[in-house]
Amino acid sequence: MSTDIPSTAHVLQFAAPGQPEWRPMPVLEPQAGEVLLKVRAITTCPHWDLHINDGEPMFPHMQLDYPYTPGQPGHEAVGEVVALGPGVDSFALGQRVVAWRDRGLAVRQGCYAQFVPFAADGLLPVPEHVPDEKVVSLELAMCVQVSFDQLGVFGGVKNKRIGITGLGPAGLLATQMASTYGASEVVAFDPLPERRAFAQQLGLECALPPDAGAFAADRFADGALDLSIDCTGAKPAIQYLMDRTRTAVTIFGVLRETIEYDASHRRGGLALVGYENHNLGAGQRALQLIAAGKLDLEPLATCALPFARYTEGLEMLRRKEATKIRFLPWAD
């Protein structure tokens with residue numbers, strides 16, 4: 001590697017549940033198909049971070065071993081290419097790039113680091129006019145785009161009344177995407193008044209508590225939802241949408257419970273849709289929206305912090321005082 005790249009740099013690692021450590025570790029060389037990134041910014045995936053910190057599996061049947069993989073669970077990153085691994089000719093040294101997909105668990109190092117080797121086919125070039133803070137969460141935007149692509153089977157969201165449960169980071173993106181793609185109305189549900197208020201500050205017109213009286217439980221009423229996206233994975237939220245949606249409910253959130261589909265849902269053929277695979281096309285479509293100013297990721301991060309304050313950021317997420325945190329690996 002270049003002599004300008006140090007032999008060691010800081011990486012975050014969970015030594016044990018509740019013990020994140022920001023400490024020097026060897027800088028890894030990029031292998032075949034990888035580039036080495038100098039990470040400029042990275043955003044939290046709140047559920048991931050809190051689960052790993054608390055020693056709880058993010059997904060059912062997932063095994064956790066500590067010390068946890070260095071740099072994990074960081075995966076929403078923007079950075080600069082500083083070295084090319086064998087066989088990589090798709091990027092140039094000094095080019096700014098952003099991760100469009102999470103590489104999964106089988107990696108040598110995650111992105112909570114100053115430098116990280118990253119698979120070149122999981123990156124996209126960042127347009128020059130787009131600042132880091134508006135693109136760093138592209139991986140999440142790609143994930144939400146997948147759910148909108150799935151609704152294309154049902155005619156898409158244009159001129160439809162769209163329901164969304166959960167106004168965390170994914171739900172906030174989903175409200176923006178629904179409007180951008182031409183929904184006639186977007187109705188979002190969240191039990192927390194402060195989250196509903198924040199979504200309305202960002203331009204959402206209708207944010208309601210998921211209460212029985214807030215929105216009529218009648219799939220065939222004139223004001224029923226046409227299509228819906230659940231961004232929580234929680235059974236009550238999904239059932240709430242199913243009782244109020246005409247055509248289809250797609251589940252974005254991580255599902256841990258059994259959903260009840262009864263005769264009232266069978267009538268009229270309500271479709272309950274799982275989640276498709278992450279894909280490059282969805283990442284490219286999300287990036288196009290960002291570049292065109294039609295999708296704004298910057299408000300998702302409540303604040304920017306150095307990694308020395310990682311535990312403080314986690315507690316802000318836990319208390320729901322922050323939607324996401326943008327960490328800056330080179331800040332003091």
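The values are calculated or read from the model by the stated rules, or taken from the named source; none is laboratory data. In this text the structure is predicted, and so the values were computed from the model without any measurement. When we count neighbours, we look across all protein chains shown, and the Cβ atoms used for this are built from the backbone with ideal geometry, even at glycine.
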Task: strands (runs of 3 or more DSSP E) contained entirely in segment 233-332, each with at least 2 residues that are surrounded by fewer than 15 Cβ atoms within 10 Å (Cβ to Cβ), within 18 Å of the chain's Cα centre (by Cα) and without any contact (Cβ under 8 Å) to a residue 12 or more places away in the chain - done: none
Task: Members of segment 260-278 that are at pLDDT 95 or above and in contact with a Phe, Trp or Tyr (Cβ under 9 Å, 6 or more places away or on another chain) - done: Leu270, Ala271, Leu272, Val273
TODO: Would you confirm whether any residue within segment 2-16 is exposed (fewer than 15 other Cβ atoms within 10 Å of the Cβ) and either touching a helix residue (DSSP H, G or I) at 6+ places or on another chain (Cβ under 9 Å) or part of a helix (DSSP H, G or I) (or both)?
DONE: no
- [ ] Determine whether Trp22 is surrounded by 16 or more Cβ atoms within 10 Å (Cβ to Cβ), at pLDDT below 95 and outside any loop (DSSP other than H, G, I, E, B).
- [x] no
Open item on the list: Checking the condition outside the structural domain of Thr323 (by TED's automatic domain parsing), over 21 Å from Gln150 (Cα atoms) and modelled with pLDDT under 95, which residue from Glu194, Glu257 passes?
Closed with: Glu257
